[in-house]
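Scroll down for the structure; my scribbles are underneath it.
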Amino acid sequence: MSTHDLDLSAPPVLPSRGLRIIPLGGLGEIGRNMTVFEHKGKLLIIDCGVLFPEDNQPGINVILPDFSILRDRLQDIEAIVLTHGHEDHIGAVPYLLKERGDIPVIGAKLTLAFLAAKLQEHRLSQNFVEVKEGERRTVGVFDLEFIAVNHSIPDGLAIALRTEAGLLLHTGDFKMDQFPLDKRLTDLGAFARLAEEGVDLFLTDSTNAEVPGFTTAEKDIGPAIDTVFRTSPRRIIVSSFASHVHRIQQVIDAAVKHNRKVAFVGRSMVRNMGIATELGYLKVPKNLIVDMKALERMKDDKVVLICTGSQGEPMAALSRMANREHIIKIGEGDTVLLASSLIPGNENSIYRVINGLTRWGANVVHKGNAKVHVSGHASAGELAYCYNIVKPTNVMPVHGEWRHLKANAELAVQTGVEEDRVLIVEDGVVVDLIDGRASITGRVQADYVFVDGMTVGGASEAAMEDRRRLAEDGTITILGILNAKTGLLSEPVEFLARGFVHDDEWVRGATKVIDEAMKVANRVKTVNGAELEDLFTSSVSRWMQRKYRRSPLITSVVVDA
Ligand SMILES: [Zn+2]
């Protein structure tokens, strides 16, 4: 069952025996994961993350979930529960806390430590409740159980949520690595125990639902990392996500084995690895880590740099190295290891960085030419296993673009879940679990909220459209002076163009269009400046589109004289 073409309105009042599920992000996109649960008038939030912008959203830093439906109900929120510490699950928490600062935040140790660093940057105080896998805790009308899951960051948790409406299981992001570095397996025993009790609604990670088979173990990339260390004649520069503790652990282990010192580069990398080391998640021998100053004095074949920028982010260390804007000057014999995924949408930026580094003489090792990355998400095989263990009555795939949600839904049906109990739902579509049955009951506002520099929510989808048009077709400003007495222009209009090819021909044509528009307008009635501005903009836009197949952003300014 799909909601894409349903015409939905606001949901009805929820009966007190029901549980309402309101996804505000992560369904229809990879990122800004956030789901609101409502029961007996109270709210619980699982995850509150950001989405990173794409090329067609110029000037945007990050995209937040839409908090509109929470604004009148901030006092009803019992807690925010975090499944793990990735940006797309915790990044928007500071913005929600700015609306109500004392909401309790529940999560595992590393997740909360990463969030604490973020809250400090935003100068927000913290009201944290630290939990561990295996724990059970009541928060108002919600009964929570925390279950260990394995992912590309330590301390991932699945959440079992019990209410009078039944038992719900939310996996968060997870996979089923059977040989994880920290020996912390996804707790399938707990999943099976919940199945005995009866899972009424299963929300599960769809990211890799299209990928057949099983996700490879993290430790399987060890040999490829070792090869890099064995064969590199000079410096090694590793780029990875600043939260991938186990990936970085493998690099550190290789550095120890091959007798190289390590420097962390980039603000988030230095900060997160500091936290992970302090809390014991990253095991670093004494005297292994050096700072950049010390590293510069050392021989090139004795050092490793671990930096950010694996997604081609322009301001990150790796991009700056590729552009020769960093103190590390990449040269012949250096090896760059991109130990990371290639997030769709970032391909162009990443290949630009790889080309830049290669041009300076570096040997770039990446997932396209060596086995230096494995995914953090369960593939179709693991998901099928989970459905067979959990045996849910109702299913709602989460975390993914439409195609991922659809693939995950098909797996559920293949394992025997009734087709009309598998709900493919996008952001803002409301699902109610009542008397053991999940159904779609309405839709609420769940727009993109853009963070643009220091402004939150100021830029709209219309502003994005304007920016795209500026980039493609440029801008034209039409200036006119109106004689208020006669209702005629005092002199011919002027055109100022930026980014639009300026020649005399279109100026002559557009001037004619304006003259024509003035004639028509004056025949009907006397006009004022504001009316003329609208008239100029619309008639020149139409003419541009017809004559040049272009839609520059046109602004008209008419002053009365
Ligand atoms: Zn994640």
message = I need a count of the residues in the stretch 431-464 that are among the β-branched types (Val, Ile, Thr), within 18 Å of the chain's Cα centre (by Cα) and open to solvent by less than 50 Å² (accessible area, probe 1.4 Å).
response = 2
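Here is a yes/no grid of residues against (1) among the hydrophobic types (A, V, I, L, M, F, W, C); (2) closer than 30 Å to Asn348 by Cβ:
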| residue | (1), (2) |
| --- | --- |
| Val62 | yes, yes |
| Arg71 | no, no |
| Ile80 | yes, no |
| Pro104 | no, no |
| Glu121 | no, yes |
query = Quick one: which of Ala108, Ala92 is within 16 Å of the ligand (Cβ to nearest atom), under 26 Å from Asn61 (Cα atoms), open to solvent by less than 10 Å² (accessible area, probe 1.4 Å) and small (Gly, Ala, Ser)?
reply = Ala92
task = Given the conditions (1) within 16 Å of the ligand (Cβ to nearest atom); (2) at pLDDT 95 or above, report the number of the one that Lys118 does not fulfil.
result = (2)
remark   = In the stretch 17-34, anything at pLDDT 95 or above and surrounded by fewer than 24 Cβ atoms within 10 Å (Cβ to Cβ) is listed as Arg17, Gly18, Arg20
ask   = When only residues in the stretch 329-379 that are basic (Lys, Arg) and under 16 Å from Thr216 (Cα atoms) count, which is farthest from the ligand (Cβ to nearest atom)?
value = Lys371
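Here's the yes/no breakdown for (1) closer than 30 Å to Leu157 by Cβ; (2) touching a Ser or Thr at 6+ places or on another chain (Cβ under 9 Å):
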{"position": "Ala209", "(1), (2)": "yes, yes"}
{"position": "Thr216", "(1), (2)": "yes, yes"}
{"position": "Lys219", "(1), (2)": "yes, no"}
{"position": "Gly222", "(1), (2)": "yes, no"}
{"position": "Ile225", "(1), (2)": "yes, no"}
{"position": "Ser239", "(1), (2)": "yes, yes"}
{"position": "His244", "(1), (2)": "yes, yes"}
{"position": "Arg247", "(1), (2)": "yes, yes"}
{"position": "Val265", "(1), (2)": "no, yes"}
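Kindly evaluate Arg498 against the criterion of being at pLDDT below 85 and farther than 30 Å from Glu29 by Cα.
Details: at pLDDT below 85: no; farther than 30 Å from Glu29 by Cα: yes.
Answer is no for this residue.
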inquiry  = Can you name every one of the helices (runs of 4 or more DSSP H) wholly within the stretch 248-347 that holds 1 or more residues which are among the polar types (S, T, N, Q) and open to solvent by 20 Å² or more (accessible area, probe 1.4 Å)?
reply    = 267-278
query = Any chance the stretch 503-523 includes a residue that's free of Cβ contacts under 8 Å to residues at least 40 places away in the same chain and part of a loop (DSSP other than H, G, I, E, B)?
reply = yes
request  = Provide a single number: the residues in the stretch 76-89 that are open to solvent by 10 Å² or more (accessible area, probe 1.4 Å), within 19 Å of Glu130 (Cα to Cα) and more than 16 Å from the ligand (Cβ to nearest atom).
outcome  = 1
task = Answer yes or no: is there a residue in the stretch 213-221 that is farther than 26 Å from Leu112 by Cα, among the aromatic types (Phe, Trp, Tyr), more than 22 Å from the chain's Cα centre (by Cα) and at pLDDT 95 or above.
result = yes
request  = Find all pairs meeting these conditions: Cβ atoms under 6 angstrom apart; at least six residues apart or on different chains; first residue within the stretch 283-302 and within 21 Å of Gly266 (Cβ to Cβ); second residue of a type in the set (Ser, Thr, Tyr) and surrounded by 11 or more Cβ atoms within 10 Å (Cβ to Cβ).
outcome  = Val284/Thr277
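Of the residues Gly166, Gly156, Gly172, only one is within 16 Å of the ligand (Cβ to nearest atom), buried (at least 21 other Cβ atoms within 10 Å of the Cβ) and more than 19 Å from Ala384 (Cα to Cα); which? Full working, then the answer.
Working: Gly166 fails: within 16 Å of the ligand (Cβ to nearest atom); Gly172 fails: more than 19 Å from Ala384 (Cα to Cα).
Gly156 is the lone residue from the list that is within 16 Å of the ligand (Cβ to nearest atom), buried (at least 21 other Cβ atoms within 10 Å of the Cβ) and more than 19 Å from Ala384 (Cα to Cα).
Can you find a residue in the stretch 60-67 that is aliphatic (A, V, I, L, M), open to solvent by 10 Å² or more (accessible area, probe 1.4 Å) and more than 15 Å from Glu401 (Cα to Cα)? Walk me through it before giving the result.
Restricting attention to the stretch 60-67, the residues satisfying the condition of being aliphatic (A, V, I, L, M) are 60, 62-64.
If we keep only those that are open to solvent by 10 Å² or more (accessible area, probe 1.4 Å) too, we end up with 60, 62.
Retained after the next criterion (residues that are more than 15 Å from Glu401 (Cα to Cα)): 60, 62.
Yes.
Answer with yes or no whether Arg73 is modelled with pLDDT of 90 or more, open to solvent by 30 Å² or more (accessible area, probe 1.4 Å) and either touching a strand residue (DSSP E or B) at 6+ places or on another chain (Cβ under 9 Å) or basic (Lys, Arg) (or both).
Criteria met by Arg73.
Right, Leu482: part of a strand (DSSP E or B) and of a type in the set (A, V, I, L, M, F, W, C) or not?
Working: part of a strand (DSSP E or B): yes; of a type in the set (A, V, I, L, M, F, W, C): yes.
Judged against the criteria, Leu482 is a match.
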Given (1) in a loop (DSSP other than H, G, I, E, B); (2) in contact with a Lys or Arg (Cβ under 6 Å, 6 or more places away or on another chain); (3) more than 16 Å from the ligand (Cβ to nearest atom); (4) more than 19 Å from Tyr281 (Cα to Cα), index of the condition Phe214 fails = (2)
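Among the residues of the stretch 352-371, what is the count of those that are among the aliphatic types (A, V, I, L, M) and in a helix (DSSP H, G or I)?
Residues flagged as among the aliphatic types (A, V, I, L, M) and in a helix (DSSP H, G or I) within the stretch 352-371 amount to 3.
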query = For Pro392, are the conditions met, namely being open to solvent by 30 Å² or more (accessible area, probe 1.4 Å), of a type outside the set (Asp, Glu) and touching an Asp or Glu at 6+ places or on another chain (Cβ under 9 Å)?
reply = no
query = Just a yes or no: is a residue in the stretch 177-200 closer than 22 Å to Arg437 by Cα, of a type in the set (S, T, N, Q) and within 16 Å of the ligand (Cβ to nearest atom)?
reply = no
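The values are calculated or read from the model by the stated rules, or taken from the named source; none is laboratory data. For clarity, every value in this text was computed on a predicted model and none was experimentally measured. Methodologically, a virtual Cβ is constructed for each residue, glycine included, from the backbone with ideal geometry; neighbour enumeration extends over all protein chains shown. Surface areas here come from the heavy atoms of the whole protein model, side chains and all, with no ligands, DNA or RNA. Shrake-Rupley method; radii C 1.70, N 1.55, O 1.52, S 1.80 Å.
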